[in-house]
1. Filter the range 38-90 for residues that are under 17 Å from the mean Cα position of the chain (by Cα) and among the charged types (D, E, K, R) and give the result.
2. Regarding the range 74-87, can at least one residue be identified that is loosely packed, with under 10 Cβ neighbours inside 10 Å and hydrophobic (A, V, I, L, M, F, W, C)?
Amino acid sequence: MADTSDTRTPAEIEADIKRRRDTLAETLDEIGVRVHPKTIVGDARAKVVSNIDHTLGRAYVSVNRVVSDAKGRFVDENGAPRLERIVPVALVLVGVVGLLALGTRRRKG
């Protein structure tokens, strides 16, 4: 059987009721703020921005890795250019540009 004796004074009971009422009012205010449409939209917007920032950060890291890998192929560890790799790529690029230029000349003429 539960003990129903309460040794608090009426003033203590009233103070406890007031404290609980105040706590409940704060909780209801907090719930009201959380379910307010502006709060929901703001939270959703913040989540989208966070996801975009995360995605852009990963993309930046990936691009940076690709650039570093490409640079590593054409520059040695001392920073000097690797001509044995640069010259063939440059010749291929010149050849492609030349072929494109010839192709556009033939179409015009």
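Nothing in this text is a laboratory measurement; each read-out follows from the coordinates by a stated rule. What you see is a predicted model, and the numbers here were worked out from it, not measured in a lab. For neighbour counting, all protein chains shown are included, and Cβ atoms are generated from backbone atoms with ideal geometry for every residue, glycine included.
1. Passing the criteria: Asp43, Arg45, Lys47, Asp53, Arg58.
2. There is at least one residue in the range 74-87 that is loosely packed, with under 10 Cβ neighbours inside 10 Å and hydrophobic (A, V, I, L, M, F, W, C).
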